Amino acid sequence: MDNQLRGRAGRQGDPGSSRFYLSLEDDLLRIFGSDRISPLMEKLGMEEGEPIEHNLINKAVENAQKKVEAHNFDIRKHLLEYDDVMNRQRTVIYDMRKEVLSGESLRDTAMEMAAEISEELGARFAEEKVHPEEWDLTALRDAVFTQFGARLAIPEEDVQGLTREKLAARIEEEARSAYRKKEEEYGEDAMRYLERMFLLSTIDALWKDHLLSMDHLKEGIGLRGYAQKDPLKEYQREGFDMFADLVFRIKEESLKRLFHVKVQREEEPVRVARQTPPPARRVNLSRGDISRAGVTTQRHASKKVGRNDPCPCGSGKKYKKCCGMGA
């Protein structure tokens with residue numbers, strides 16, 4: 001049963017055996033063991049075409065196979081570790097979507113987001129080592145209006161005693177006030193619907209863009225190894241920074257749309273004064289019969305005068321030499 005497949009021999013009820021043929025030019029030996037096997041074969045005096053059955057040769061082939069298996073295992077292990085980064089991010093996003101879909105009211109969630117963004121705006125424009133009078137309050141007011149659609153009013157006498165915390169509290173207060181006006185104008189039911197719609201659409205749109213960015217990062221992260229850096233750790237670090245930015249942009253974009261939304265209500269139809277339509281003209285179709293169409297043919301009342309007949313004026317002359325001369 002030599003040189004036959006074990007499966008075929010097993011189906012016939014025989015124990016069977018197998019024999020493998022391997023070339024020194026095979027990738028397995030060329031990459032992982034050819035440099036040691038070829039000199040060994042020359043020392044043993046083996047000729048071309050002779051079966052290699054020495055224990056040293058078999059041991060070298062076995063070591064090469066173990067190296068290949070270890071290399072492939074490392075590849076699969078790194079793939080799982082890379083995928084684990086995306087799985088953790090995907091879990092956070094799906095939990096966020098589930099919360100949006102299951103919650104009846106997202107008003108508290110929206111106000112928590114507004115507080116976080118207010119704190120970020122205060123930290124961006126209020127530097128700790130700079131005096132409050134030197135803060136760029138004009139740019140801050142523009143940023144608050146862009147985000148919340150509200151005008152931030154800070155009297156000049158209050159600027160000197162401002163801190164980051166107080167500034168963030170003022171921004172949050174303006175945001176809450178603007179949101180209450182939206183609820184009064186459009187009603188709570190409409191705002192609850194808009195909260196859910198804007199959050200879901202923003203999460204889905206930005207998450208798709210984030211997946212594409214993570215794919216681009218994964219494709220080029222292997223080059224970090226040339227800079228003596230671990231590609232996996234670099235992928236984890238940069239992926240975390242990108243995901244943190246994603247979560248903040250979800251809050252920022254969804255609130256910006258929510259605070260700037262304009263709901264158009266259905267207007268009552270304008271009543272047009274009734275006007276008396278002009279009388280319809282009566283049109284009669286005749287199909288060639290003029291009398292049925294109501295059209296009268298004009299006919300001459302008198303008989304036509306011949307040229308040689310007496311002139312009807314009573315002159316006694318012929319018509320052609322009297323009144324009919326120009327005819």
Partners for K304 among lysines (Cα-Cα distance below 29 Å; same-chain residues under 8 apart left out): K317, K318, K320, K321
The range 178-259 shape via C-alpha gyration tensor axes, a/c threshold 1.5: prolate
Net length gained if the chain between D204 and R192 were fully extended (0.36 nm per residue, minus Cα distance): 2.4 nm
Cross-link pairs beyond the 28 Å C-alpha cut-off, checked among K77/K229; K129/K218; K208/K256; K182/K251; K43/K66: K129/K218
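Percent of accessible area on the range 192-257 owned by carbon and sulfur, 1.4 Å probe? Intermediate results must be reported in sequence, preceding the final value.
On the way: 2120 of 3720 Å².
So the carbon and sulfur contribution to the accessible surface is 57 percent.
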Net charge contributed by nearby residues that have their C-beta within less than 15 Å of P155 (K/R +1, D/E -1): -2
Probe 1.4 Å, protein heavy atoms only - accessible area per residue of the range 105-244 in square angstrom: 59
Environment charge of K98, counting only residues whose C-beta is closer than 15 Å and scoring Lys/Arg +1, Asp/Glu -1: -1
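The values are calculated or read from the model by the stated rules, or taken from the named source; none is laboratory data. Computed from a predicted structure; not experimentally measured. Reconstructed Cβ throughout: ideal geometry from the backbone, glycine too, with neighbour counts over all protein chains shown. Keep in mind that these areas ignore ligands, DNA and RNA; they rest on the heavy atoms of the full protein, side chains included. Shrake-Rupley method; radii C 1.70, N 1.55, O 1.52, S 1.80 Å.
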